[in-house]
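Throughout, read-outs are computed from the coordinates displayed, never taken from laboratory work. These figures come from a predicted structure and were not determined experimentally. Quick reminder, even Gly has a Cβ in these numbers, built from the backbone with ideal geometry, and neighbours come from all protein chains shown.
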Amino acid sequence: MPVYVSLVKFTEQGIATMKQEGIARSEKVQRNVESLGGRLLDAYYCLGEYDVVAILEFPNNRAAMKAAVLNSSLGHIKITTMPAVSRGEWRDLLKEVWSNKPKGK
């Protein structure tokens, strides 16, 4: 299944209600992902520009986009989601690019 990286920032509302709702919201986000055929592979809570980096699998871009919209609509986070490929897939892609290069270029 395709892999996606989501960069997450907590909103002011998310921070203000973290104590009362943080764990329940985290579980709701995971259920939303799973309801769209996705899977949360791991999540890392960070210092710096982003509060969370999540690694997910989804069947396709459409499902990933739906999850981002659904979870952002909860109001406690802003999400940027990007498709990603593994190092091995990247190597294969480069081999394909350079092996299909027209002669003389």
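A few notes on this one:
- Electrostatic tally near K78: other residues with Cβ closer than 13 Å to its Cβ, Lys and Arg +1, Asp and Glu -1, net -2.
- Kirkwood hydrodynamic radius of the chain, from the reciprocal of the average inverse Cα-Cα distance over all distinct pairs: 15.2 Å.
- Estimated from helical segments only, the mean residue ellipticity of the chain at 222 nm is -14000 deg cm²/dmol, where each DSSP H run of four or more residues counts as -39500 (n - 2.57).
- Largest GNM mean-square fluctuation across R62, R25, R91, computed for the chain with C-alpha springs under 10 Å, falls on R91.
- The dipole here belongs to the chain: it is taken about the Cα centre, uses +1 on the Cβ of Lys and Arg and -1 on the Cβ of Asp and Glu, and is about 500 debye.
- Whole-Hz couplings from phi, Karplus 6.51/-1.76/1.60, listed for the range 87-96; x for Gly and Pro: 4, x, 5, 5, 4, 4, 4, 4, 4, 5
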